[in-house]
Amino acid sequence: MTPKIHRSSRAAGALVGSAVGDALGAPFEFGPPGAFTRRFPQPQRGAQTEMCGGGPLGWEPGEFTDDTQMALMLAESLVDRGGLDEADVFARFRVWAEAGPPDIGNQTRAVLASGRPWDVAAAEHFARSGHAAGNGSLMRTTPAAVRFAKHGTAATMDAARRISALTHGDPSAGEGCAIFHELMRVALDGGDPLAAIPAALDLVVPEHRERWTTVLAPDWTPEQATESNGAVWPTLGQAVWALRTGRDFAEVLRLVIDLGGDTDTVACVAGGLAGAVYGMGGIPSRWASAAHGRVPGHGEKVWRLADLQQLAAALDSGVQQSYDPGVIPRIGPAEVLPGIWAGNLDGARYSETDFAVISLCRLGEPFPHAVHRMAYIADNDYNADLDVMLADVLDDMKALHDQGHRLLVHCHGGASRTGLVLRGYLVREQGMSVEEATAHVAARWPHLGLWNNSFTAALERLADKND
Ligand SMILES: [Mg+2]
């Protein structure tokens, strides 16, 4: 656990992490155990990553599915209405269902197509069908867990139950969402969600407590599941098991997708929790950069990383930010190291599209480049997970460089963050000392900025690993 990560990074990590899990797991939906690792025994950091697309529904690489589509409708409703307006959420879901999304859960479809009002549709369906504890309400609840976390345990668990009940009349699904909300609340506060499980279970409605206690026990393993992971209990059980077992965000997702079955949803749930625990910087940039998708019935907008981050900020802080990068004179691209070019924001934006671009700042509009990694580092000394982000960027650069891509590294001004990465590349790949690397870059890139002392300290830690 990494307690220093900023809350905003955890909130963004939760939302982005769930979309990443959804998109990463989708091609493996209904597949056998172990399929992900058989296909990707090693991290894939080149132009083709583990975001491979395909699967039974033919997803684009990085495209998220109904899990995230529903989460985005819920999120937008929470922001637009300033809180929970169940009728509004239900109406948005219904418009989406009528637009014919490629993927929709059976239970969700039946309830939304019933033509019944929001406050009775799911309950009537449950009364008729009896079994309804699918994972379809758990998979979409991350935005609400972020939105209500600051209101405390009782309020966030109550919101979880009410939102679940819109499509899932079986209260056991609502109890699962309530537990998830409480674990997310603890994680966003910088606590350990695993340690919070016993207290959360105490707040579960008594008749459902035993079953939830079983799947969330510290020694529970996925083989002990008594139903498929399309059901809500094993879905949360597996996500929590992976969070307990994995050492970082990437490993948590690998573990759950390798379980097979309902891989997009289990990875979506696990990705939400893991994203809150490890923060935005813990999510591999090759995955976060690829996540995207539309919400059928709700316009043509393509949601991407920057949109998800902005939405997370609105949910967590209540502030609707919009980002205008401003206009600054274009710098670069210029070749600073063999095969590695540098620039500022517009230097990169208007560069030839065959560059593999590494962006270290916010962008505004997306770039047209086919290979584009976004790893947002702040231009200050308060990056809590700088070492993790730097290593991730340098590993991707090495892989792309080895594949013969021309790399273009840039940030807003092309000075400090760009300089960090150029210097880091020399430290890592050529074994230079920080002093040597700094002099080497300064002689070839006059825009180099050295005002962030924490950047040089991170490079010193990187250099120590060379010894
Ligand atoms: Mg799905």
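The values are calculated or read from the model by the stated rules, or taken from the named source; none is laboratory data. Being a predicted model, the structure only gives us computed values, none of them experimental. When we count neighbours, we look across all protein chains shown, and the Cβ atoms used for this are built from the backbone with ideal geometry, even at glycine.
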* Structure fact -> Conditions (1) closer than 23 Å to Cys268 by Cα; (2) part of a helix (DSSP H, G or I) -> Ala91 fails only (1)
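Does segment 448-465 contain any residue that is closer than 20 Å to Pro338 by Cα and either at pLDDT below 95 or in contact with a helix residue (DSSP H, G or I) (Cβ under 6 Å, 6 or more places away or on another chain) (or both)?
Within segment 448-465, the first condition is being closer than 20 Å to Pro338 by Cα, and the residues that meet it are 448.
Those left that are additionally either at pLDDT below 95 or in contact with a helix residue (DSSP H, G or I) (Cβ under 6 Å, 6 or more places away or on another chain) (or both): 448.
Checking segment 448-465: at least one residue is closer than 20 Å to Pro338 by Cα and either at pLDDT below 95 or in contact with a helix residue (DSSP H, G or I) (Cβ under 6 Å, 6 or more places away or on another chain) (or both).
Among the candidates Gly130, Gly134, Gly169, Gly115, which residue alone is in contact (Cβ under 8 Å) with a residue 24 or more places away in the chain, of a type outside the set (S, T, N, Q) and away from the ligand (no atom under 16 Å from the Cβ)?
Details: Gly130 fails: in contact (Cβ under 8 Å) with a residue 24 or more places away in the chain; Gly134 fails: away from the ligand (no atom under 16 Å from the Cβ); Gly115 fails: in contact (Cβ under 8 Å) with a residue 24 or more places away in the chain.
One residue alone meets the criteria, Gly169.
With respect to Asn106, is the statement that it is under 29 Å from the mean Cα position of the chain (by Cα) and either away from the ligand (no atom under 16 Å from the Cβ) or surrounded by 20 or more Cβ atoms within 10 Å (Cβ to Cβ) (or both) true?
No.
Given the structure, is Gly190 in contact with a Pro (Cβ under 7 Å, 6 or more places away or on another chain), within 16 Å of the ligand (Cβ to nearest atom) and over 23 Å from Ala122 (Cβ atoms)?
Numbers: in contact with a Pro (Cβ under 7 Å, 6 or more places away or on another chain): yes; within 16 Å of the ligand (Cβ to nearest atom): no; over 23 Å from Ala122 (Cβ atoms): yes.
No: the conditions fail for Gly190.
Would you mind stating whether Ala195 is in the same structural domain as Arg128 (by TED's automatic domain parsing), part of a helix (DSSP H, G or I), closer than 19 Å to Leu273 by Cα and at pLDDT 95 or above? If you could, list the steps in order and put the result at the bottom.
Values: in the same structural domain as Arg128 (by TED's automatic domain parsing): yes; part of a helix (DSSP H, G or I): no; closer than 19 Å to Leu273 by Cα: yes; at pLDDT 95 or above: yes.
No: the conditions fail for Ala195.
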* Structure fact -> Here the residues within segment 307-331 that are small (Gly, Ala, Ser) and at pLDDT 95 or above are Ala312, Ala313, Ala314
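Given the residues Leu408, Leu400, which is the only one that is modelled with pLDDT of 95 or more, surrounded by 18 or more Cβ atoms within 10 Å (Cβ to Cβ), assigned to a strand (DSSP E or B) and within 27 Å of the chain's Cα centre (by Cα)?
Working: Leu400 fails: assigned to a strand (DSSP E or B).
Going through Leu408, Leu400 in turn, just one is modelled with pLDDT of 95 or more, surrounded by 18 or more Cβ atoms within 10 Å (Cβ to Cβ), assigned to a strand (DSSP E or B) and within 27 Å of the chain's Cα centre (by Cα): Leu408.
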* The lone exception for Gly55 - which of (1) under 27 Å from His401 (Cα atoms); (2) touching an Asp or Glu at 6+ places or on another chain (Cβ under 6 Å); (3) within 16 Å of the ligand (Cβ to nearest atom) it fails -> (1)
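What are the residues in segment 94-130 that are assigned to a loop (DSSP other than H, G, I, E, B), under 25 Å from Asn229 (Cα atoms) and small (Gly, Ala, Ser), if any? Walk me through how you get there before you give the answer.
Of all residues in segment 94-130, those assigned to a loop (DSSP other than H, G, I, E, B) come to 99-105, 113-120, 130.
This time we only want the ones that are under 25 Å from Asn229 (Cα atoms), so: 100-105, 113, 130.
If the condition is that a residue be assigned to a loop (DSSP other than H, G, I, E, B), under 25 Å from Asn229 (Cα atoms) and small (Gly, Ala, Ser), then Gly100, Gly105, Ala113, Gly130 are the ones that fit.
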* Structure fact -> Arg294: passes all of (1) in the same structural domain as Arg185 (by TED's automatic domain parsing); (2) under 25 Å from Thr49 (Cβ atoms); (3) crowded, with 18+ Cβ neighbours inside 10 Å but (3)
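If we only count helices (runs of 4 or more DSSP H) wholly inside segment 245-352, which ones have 2 or more residues that are under 25 Å from Met73 (Cβ atoms) and within 16 Å of the ligand (Cβ to nearest atom)?
Working: elements: 249-257, 263-278, 285-288, 305-317, 345-349.
The qualifying helices (runs of 4 or more DSSP H) are 249-257, 263-278.
For Gly34, are the conditions met, namely being more than 16 Å from the ligand (Cβ to nearest atom), out of contact with any strand residue (DSSP E or B) (no Cβ under 9 Å at 6 or more places or on another chain), in contact (Cβ under 8 Å) with a residue 24 or more places away in the chain and farther than 28 Å from Ala356 by Cβ?
Criteria met by Gly34.
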* Asked: Within the set of pairs 6+ apart or on separate chains, which have a first residue in segment 65-83 that is within 16 Å of the ligand (Cβ to nearest atom), a second that is outside any helix (DSSP H, G or I) and charged (D, E, K, R), and C-beta atoms under 9 Å apart?
  -> Thr65/Glu29; Thr65/Asp103; Asp66/Asp103; Asp67/Asp103; Gln69/Asp103; Gln69/Arg294
* Asked: Pairs, please: C-beta under 9 Å, at least 6 apart or cross-chain, first residue farther than 15 Å from Gly136 by Cβ and in segment 257-271, second of a type in the set (Lys, Arg) and in a helix (DSSP H, G or I)?
  -> Asp258/Arg38
* What number of residues in segment 85-98 are over 23 Å from the mean Cα position of the chain (by Cα), away from the ligand (no atom under 16 Å from the Cβ) and not charged (D, E, K, R)? -> 4
